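Down below is the structure, laid out as structure tokens.
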Amino acid sequence: MPTTAFSSINFSDITDFVVNEGHGVKGLSDVGLKTLPKQYIQPLTERITTSTIIVDGSIPIIDMSNWDNDSKIGENICDAAEKWGFFQIINHEIPLEVLDNIKAATYRFFKQSAEEKNKHSKDNSCTNNVRYGTSFTPQAEKALEWKDYLSLFYESDEEAVDLWPSACRDEALDFLSKSDIVIKKLLEALMKGLNVNEIDQTKESLLMGSKRINLNYYPKCPNPELTVGVGRHSDVSTLTILLQDNIGGLYVKKLDSDAWVHVPPIDGAIVINVGDALQIMSNGKYKSIEHRVIANGNNNRISVPIFVNPNPNDLIGPLQEVIEKNGEKPIYKQVLYSDYVKHFFRKAHDGKETIDFAQIN
Ligand SMILES: COc1cc(/C=C/C(=O)SCCNC(=O)CCNC(=O)[C@H](O)C(C)(C)COP(=O)(O)OP(=O)(O)OC[C@H]2O[C@@H](n3cnc4c(N)ncnc43)[C@H](O)[C@@H]2OP(=O)(O)O)ccc1O
Ligand SMILES: O=C(O)CCC(=O)C(=O)O
Ligand SMILES: [Fe+2]
């Protein structure tokens, strides 16, 4: 439990309590706050309303079980990446136990005291590769988001053993390593769809040269209709492999529309989405789609995305094969991937605007 009693949290101290002292929004939720602090009230335009939600469409569900014998699975993956930018996979061969273990580890990490978690905050962490935080970029946001997170950038098992929090380290490493086979299958199919038939070492670095795993915690929220769990954004990854629990609340923007579609939790499924890096490499063929998470008034929710990324030192741009073999005009320029990511992290969530950084004007 937080050391500060509910009655003594002054509203002007909220940011200090949540952000600086490391209690997070979980700390606010735990003390039974009845009214959403004003710092979390989002403008009307950023709240999801029933008028923008559609119920007559849903992202594809792709069964991976017959991968070795059925080339249609690869085609369906490419189709989903073009038309939705999002899909769910089932029978993906990541053991269910690995998924259960990382969910339990997420709860274990966030159940710790603020003092323990805050050892990994931006100011206190002894490494940039481990970061505990809240909202997205509190210093750049006009309204905060109702989410705490732990973000772990993978360098090596040895480094993780030394530096990642023991509450979740082994389970996070296991989820990362067990997801590798399916990540390679997905990338193989997506490259085939671009007429890239071989993933050599240079391509492998570009497509999956770095990985980051985030543990997201969305505590029960007073007045959830006034705020968001995560604001509208697209991921800056190549691909994101997302494990969500059974609560729901992730919404995806339907291509070329203003409608938002719910991503229903399916036991044992993994949600896959195309990130900006793959949209850029495919010269816009695969879509990195805006998505967001609502806050929930009744339940806590967790999710665990693995962001599969280029290497930070890679230059990313439309792949040569796409331009040469397919005879396309590039719509994006070459940018250093770490510059792209820094641009993303230094501003508040702003929908699809990050990609303007790479657009040829
Ligand atoms: C948290 O809520 C989120 C997160 C997301 C994430 C979606 C993704 O797609 S994450 C995948 C990102 N890709 C990578 O991490 C791979 C490439 N990595 C890099 O290039 C570098 O590791 C780096 C991320 C650029 C950091 O390099 P470094 O040299 O350490 O640069 P800094 O100057 O320290 O950081 C730059 C800037 O970013 C902020 N920042 C760094 N890491 C994180 C992080 N894990 N979470 C949040 N912010 C981070 C850092 O504070 C710096 O900002 P300043 O204002 O302090 O200058 C999607 C949705 C969410 O809600
Ligand atoms: O929690 C979720 O379902 C999605 C989170 C997300 O979009 C992210 O962490 O990038
Ligand atoms: Fe995301």
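What follows draws every value from the coordinates through simple rules; no lab data is involved. Model, not experiment: these values are computed from the prediction. Here the Cβ is made from the backbone with ideal geometry for all residues, glycine too, and neighbour counts use every protein chain on show.
In the chain, the calculated helix contribution to ellipticity at 222 nm averages -7500 deg cm²/dmol per residue, counting -39,500 (n - 2.57) for every DSSP H run with n ≥ 4.
Were the residues from K122 through T50 laid out at 0.36 nm apart, the gain over their Cα-Cα distance would be 22.2 nm.
List, in the order given, every pair from K26/K203; K83/K203; K142/K329; K26/K287; K122/K192 whose Cα-Cα distance in the structure shown is over 31 Å. As for pairs spanning more than 31 Å Cα to Cα, those are K26/K203; K142/K329; K26/K287; K122/K192. Among residues other than I323 with Cβ under 13 Å from its Cβ, the summed charge is +1 (Lys and Arg +1, Asp and Glu -1). Considering only Y149, N296, F86, the residue lying farthest towards the positive end of the dipole of the chain is N296, judged by Cα position with unit charges set on Cβ.
Just so you know, the Rg over Rh for region 95-226 is 1.03, from Cα atoms, with Rh as the Kirkwood radius.
One decimal place: the segment D339-K325 gains 2.2 nm when fully extended, by the rule 0.36 nm per residue minus the C-alpha distance.
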